[in-house]
Ligand SMILES: [Mg+2]
């Protein structure tokens, strides 16, 4: 889908004019906005261009479709985003269809977050990224109304943000070395493995750098015994944890592996929403929380509370996303053990600017809401 930032911004100036007809197929900015002071929703498809072809155990791609959202209330705009990597099953069409069903103008108080987001969650099952696009825009909006960044509203210390890993996708040894050199400045790298050349991948990275490594198998291993052997080897290579080693359905084998593993075993693909945290206690050591799975910040925050109560590790991750969604996730990052918030750094056409990675560390700004601003607005 073509970039249409100008139209996105242009309409921002005429939001109070009211009614835009929803048109799922045209890519036009759409809204169910009606009369009165309620929340007004606008949305638009956008295609992220990846700097490098991205290969993980499931396959390769060069673009990621997203839908950008805006919630407008009393002349103030909150921005949100649904990122739609193909393996999660949502599409721009499904997101816009979901958004077109929402009647958000019925809500006259954006601070009634639970009421609004419980309604959004009730409209249809699934649609987690679509729901996240509303949650993020709503949190951005209320932060802007009270002129405070979200981390302050949650009582968090912005100095306690973690380092973020930078992701190295599966590739030839030469390309892996090149990408590892390009990632100089990051204090930790996340290496994708699980396609049969695991040791080659790790050795290529290790020939360039000594930084700690996170490893993401993306369900690529099938034999739990071999997986355990590999984890022992990875520990010797300075790996900190292993993410989603076995297929998500293999609950018993994963519990067996986690019990014996010398490294924490983190759930990603297996894990979506709040109830999964409780379900996976004893199966995984911790959870990789992503806003596009959790339906946004409200539920992600609850997940962290529950995971901590169960003595589980917490990681905050992301999809390939613009700085809009990544900045939202970054607001929660002082609560996480580990962060993988590099999704905006993997794209060449980010329409937003927000949280920065400075000396490898997630660095929050003092702007209100998510801290993300639309560039050239
Ligand atoms: Mg992962």
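The values are calculated or read from the model by the stated rules, or taken from the named source; none is laboratory data. No experiment lies behind these values; they were computed from the predicted model shown. No Cβ is skipped: glycine too gets one built from the backbone with ideal geometry, and neighbour counts run over all protein chains shown.
Among what's in region 121-148 and is out of contact with any helix residue (DSSP H, G or I) (no Cβ under 8 Å at 6 or more places or on another chain) and touching a residue at least 12 places away in the same chain (Cβ under 8 Å), pick the residue that is nearest to residue 68 (Cα to Cα).
Going through region 121-148, the residues out of contact with any helix residue (DSSP H, G or I) (no Cβ under 8 Å at 6 or more places or on another chain) turn out to be 122, 125-126, 137, 141, 144-145, 147-148.
In the following step, the residues that additionally are touching a residue at least 12 places away in the same chain (Cβ under 8 Å) were identified as 126, 137, 141, 144-145, 147-148.
Working: 126: 18, 137: 9, 141: 14, 144: 18, 145: 20, 147: 22, 148: 22 Å.
Result: 137.
Only one of 209, 180, 164 is within 29 Å of residue 301 (Cα to Cα) and surrounded by 16 or more Cβ atoms within 10 Å (Cβ to Cβ); which? Steps first, please.
Working: 209 fails: within 29 Å of residue 301 (Cα to Cα); 180 fails: within 29 Å of residue 301 (Cα to Cα).
Exactly one residue qualifies, and that residue is 164.
Select from region 279-297 the residues that are within 12 Å of the ligand (Cβ to nearest atom) and out of contact with any helix residue (DSSP H, G or I) (no Cβ under 7 Å at 6 or more places or on another chain) and list them in ascending order. Within region 279-297, 288, 290 qualify. Among the residues of region 264-284, those that are part of a loop (DSSP other than H, G, I, E, B) and touching a residue at least 40 places away in the same chain (Cβ under 8 Å) comprise 264, 268, 269, 272, 273. One residue is enough: does region 302-315 have a residue meeting the conditions within 16 Å of the ligand (Cβ to nearest atom), under 26 Å from residue 95 (Cβ atoms), out of contact with any strand residue (DSSP E or B) (no Cβ under 7 Å at 6 or more places or on another chain) and in a helix (DSSP H, G or I)? No, the conditions are met nowhere in region 302-315.
Taken together, the residues in region 327-377 that are surrounded by fewer than 24 Cβ atoms within 10 Å (Cβ to Cβ), within 16 Å of the ligand (Cβ to nearest atom) and without any contact (Cβ under 8 Å) to a residue 60 or more places away in the chain amount to 0. Is it the case that residue 322 is more than 25 Å from residue 247 (Cβ to Cβ) and either in contact (Cβ under 8 Å) with a residue 12 or more places away in the chain or away from the ligand (no atom under 16 Å from the Cβ) (or both)? So residue 322 fits the description; yes.
Scanning region 33-90 for residues being over 16 Å from the mean Cα position of the chain (by Cα), surrounded by 20 or more Cβ atoms within 10 Å (Cβ to Cβ) and at pLDDT 95 or above gives a total of 13. If you go through region 201-227 and keep only what is closer than 12 Å to residue 190 by Cβ and assigned to a loop (DSSP other than H, G, I, E, B), you end up with 211, 212, 217, 218. Within region 240-263, the set of residues being closer than 21 Å to residue 210 by Cβ, within 16 Å of the ligand (Cβ to nearest atom) and in contact with a helix residue (DSSP H, G or I) (Cβ under 8 Å, 6 or more places away or on another chain) comprises 242, 263. Restrict the check to region 265-284 and report whether at least one residue is at pLDDT 95 or above, closer than 24 Å to residue 141 by Cα and surrounded by 24 or more Cβ atoms within 10 Å (Cβ to Cβ). No: zero hits. Residues in region 200-217 that are under 27 Å from residue 252 (Cβ atoms) and touching a helix residue (DSSP H, G or I) at 6+ places or on another chain (Cβ under 9 Å): 215, 217.
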